[in-house]
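The values are calculated or read from the model by the stated rules, or taken from the named source; none is laboratory data. Bear in mind that the values here come from a model prediction, so they are computed numbers and not experimental data. Cβ atoms come from the backbone with ideal geometry, glycine included; neighbour counts cover every protein chain shown.
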Amino acid sequence: MGVITKKIKGTEDVLPKQSYRWQFVEDVMRKEAQVYGFKEIRTPVFEHTELFQRGVGQTTDVVQKEMYTFDTKGGESVTLRPEGTAGAARAVLEHSLENDGLPIKASYFVSCYRYEKPQAGRLREFHQFGVEEYGTQSPIADAEIICVAKSIFDRLGIKQLRLELNSIGCPECRSEYHKALREYFGSHKEELCETCNSRLEKNPMRILDCKSPICSKIAENAPKITDYLCDECKEHFAQVQKYLDVAGVEYIVNPTIVRGLDYYTKTVFEFVTDFIGAQGTVCGGGRYDGLIEELGGKHLPSLGFAMGIERLLMLMDKQGIEIPKPSSCDLYVATMGDKAKEKAFSLIKSVRDCGLIAETDVVGRGLRPQMKYADKIGAKFSIVLGDNEIEQNSAEVKNMTTGEKTTLALDETFADKFSVLQLTENEAFKI
Ligand code: ATP
Ligand code: MG
């Protein structure tokens, strides 16, 4: 019989033999966020559509074309989150977190949903880790969140990841810049792709981000935002760079970076690699001073970043970074006969209670296949329990690597003694 259906296009399963890779990077992210003072926030996977749609101002592909939006049975329009920032901001407002003191520092792990064309590094369900910081104008905060991302990449051993930095200014300096862009791109109107033509009036900065070779060629000579920044934005950008220098974080100023969502102001940045093909942006972020007001709150300048976990794992794989495989079995207890089965079950319970991984046969295999299975799962030690062992109330614990055997009593001291034994052996290995 065939499986009645397969997974949805653009989604991926993480299988038990691969999940340790996810857990490893997630642990590093969680730890680093903690070190920098961020506490985890968890928000729902779906939200009222207006949280993402916010009036008519949204011009990005994510909001216009890629959202999974549907009506519920109750007639409400809901959307599967395409990103984590909006939900976190909503929760901050809804729970008046500003009353707990500023800044508010939150980190998150989210699954995201975007109706994109699936390809390497581009999925319809993908996962992000991110941080959000609310209630600070200070360029120190911009440098601080960049340091979080950088520390995570460093701890994971990732190499050759460029930090590209830009400032896209505030609404004031941007209106001058938009004028200059409209003028420049307007003179190339016939050559621009259809999408960019539609961007010309509403959001000409997005043309800078167009992937079409003709548009990106034209964009190369477009006016640069850095020449249009107002004094305040210019100073802010200089300070961000100063604090990155203080922290020893290297960056390249790239005036063509614009982010995929509309709410950014001032600082924007990306961590980019050439190792994983066209979808080389592993992390993107920046400042969004107007977002909280856009959602109906007071002025609460904020900033954050999100990194794609699938792309990060792909990059680690491409760079040959080994992720330590956790032990999958410390002790395998093989059995012959019903009495042995009972004894084995009580032994593994006591070993598991000590926090070690113990297994016994649960599929009814004979002795040889049990030992084969113990080998397959990489058991570090094994015991064979038969009538003799039960009678003598002791058994030989075999070190599966060295073949060395140690006799242990099968009584209430077993688990403790086994713990010591495996610890000593592990230590011996390290030397
Ligand atoms: P891109 O330019 O690659 O489409 P984006 O600007 O849409 O990225 P963000 O919305 O800033 O990306 O999301 C942050 C990160 O999430 C990206 O840098 C990337 O690592 C990851 N990401 C975004 N979209 C996808 C996707 N469809 N599949 C897998 N990862 C994604
Ligand atoms: Mg995108």
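Go through the residues of segment 121-136 one by one and say whether even a single one is outside any helix (DSSP H, G or I), polar (S, T, N, Q), within 16 Å of ligand 1 (Cβ to nearest atom) and more than 18 Å from ILE8 (Cβ to Cβ). Yes. Only one entry in CYS170, CYS210, CYS147 is surrounded by 14 or more Cβ atoms within 10 Å (Cβ to Cβ), modelled with pLDDT of 90 or more, out of contact with any Asp or Glu (no Cβ under 6 Å at 6 or more places or on another chain) and over 21 Å from ALA306 (Cβ atoms), namely CYS170.
Among the residues of segment 3-14, is any over 29 Å from ILE104 (Cα atoms), loosely packed, with under 12 Cβ neighbours inside 10 Å, within 16 Å of ligand 1 (Cβ to nearest atom) and touching a residue at least 24 places away in the same chain (Cβ under 8 Å)? Looking for residues that are over 29 Å from ILE104 (Cα atoms), loosely packed, with under 12 Cβ neighbours inside 10 Å, within 16 Å of ligand 1 (Cβ to nearest atom) and touching a residue at least 24 places away in the same chain (Cβ under 8 Å), one finds at least one in segment 3-14, hence yes. For segment 59-66, check the following and say yes or no: at least one residue is hydroxyl-bearing (Ser, Thr, Tyr) and in contact with a strand residue (DSSP E or B) (Cβ under 8 Å, 6 or more places away or on another chain). There is no residue in segment 59-66 that is hydroxyl-bearing (Ser, Thr, Tyr) and in contact with a strand residue (DSSP E or B) (Cβ under 8 Å, 6 or more places away or on another chain). Apart from one condition, LEU303 fits all of (1) away from ligand 1 (no atom under 15 Å from the Cβ); (2) touching a strand residue (DSSP E or B) at 6+ places or on another chain (Cβ under 7 Å); the exception is (1). Checking each residue in segment 112-135 for being within 16 Å of TYR288 (Cα to Cα) and either surrounded by 21 or more Cβ atoms within 10 Å (Cβ to Cβ) or within 16 Å of ligand 2 (Cβ to nearest atom) (or both) picks out GLY130, VAL131, GLU132, GLU133, TYR134. Scanning segment 230-263 for residues that are within 22 Å of GLU294 (Cβ to Cβ) and modelled with pLDDT of 95 or more yields CYS230, GLU232, CYS233, HIS236. Listed by position, the strands (runs of 3 or more DSSP E) enclosed by segment 339-423 that each have at least 3 residues that are surrounded by fewer than 19 Cβ atoms within 10 Å (Cβ to Cβ) are 394-399, 405-409. Just one residue in the set ASP330, ASP289 is more than 9 Å from ligand 1 (Cβ to nearest atom), in contact with a strand residue (DSSP E or B) (Cβ under 7 Å, 6 or more places away or on another chain) and modelled with pLDDT under 95; that residue is ASP289. Of the residues making up segment 231-286, those that are of a type in the set (A, V, I, L, M) and within 11 Å of ligand 1 (Cβ to nearest atom) are ILE257, VAL258, LEU261, VAL268, VAL272, ILE276, ALA278, VAL282. For ASP13, the requirement of being in a loop (DSSP other than H, G, I, E, B), of a type in the set (Asp, Glu) and more than 16 Å from ligand 2 (Cβ to nearest atom) is met. Criterion first (more than 16 Å from ligand 2 (Cβ to nearest atom), farther than 28 Å from GLU26 by Cα and free of Cβ contacts under 8 Å to residues at least 60 places away in the same chain) does GLU294 satisfy it? Taking the combined requirement at face value, the residue does not satisfy it.
Among residues that are more than 16 Å from ligand 1 (Cβ to nearest atom) and closer than 27 Å to LEU93 by Cβ, ILE41 is included. Do the conditions hold for LEU313, that is, is it more than 18 Å from ARG81 (Cα to Cα) and crowded, with 18+ Cβ neighbours inside 10 Å? Spelling it out, LEU313 is indeed more than 18 Å from ARG81 (Cα to Cα) and crowded, with 18+ Cβ neighbours inside 10 Å.
Out of all the residues in segment 70-90, is one or more out of contact with any Gly (no Cβ under 7 Å at 6 or more places or on another chain), within 16 Å of ligand 1 (Cβ to nearest atom) and farther than 15 Å from GLY130 by Cβ? The answer is yes, given that some residue of segment 70-90 is out of contact with any Gly (no Cβ under 7 Å at 6 or more places or on another chain), within 16 Å of ligand 1 (Cβ to nearest atom) and farther than 15 Å from GLY130 by Cβ.
Would you check which residues across segment 183-203 are surrounded by 15 or more Cβ atoms within 10 Å (Cβ to Cβ) and under 18 Å from LYS224 (Cα atoms) and list them? Within segment 183-203, TYR184, PHE185, HIS188, CYS196, ARG199, LEU200, ASN203 qualify. Looking only at segment 67-119, residues that are part of a loop (DSSP other than H, G, I, E, B) and over 21 Å from the mean Cα position of the chain (by Cα) come to 10 in all. Cβ-Cβ distances below 6 Å connect the following pairs, each with a first residue in segment 28-41 that is on the phi < 0 side of the Ramachandran plot and buried (at least 16 other Cβ atoms within 10 Å of the Cβ), a second residue that is of a type in the set (Ser, Thr, Tyr) and not in a helix (DSSP H, G or I), and a separation of six or more residues or different chains: ALA33/SER107; PHE38/SER107; ILE41/TYR108. Answer yes if at least one residue in segment 155-162 is more than 16 Å from ligand 2 (Cβ to nearest atom), in contact with a helix residue (DSSP H, G or I) (Cβ under 7 Å, 6 or more places away or on another chain) and more than 15 Å from CYS283 (Cα to Cα), and no otherwise. Yes, segment 155-162 has at least one match.
Within segment 52-111, restricting attention to residues that are in contact (Cβ under 8 Å) with a residue 40 or more places away in the chain and acidic (Asp, Glu), the residue that is farthest from ligand 2 (Cβ to nearest atom) is GLU98.
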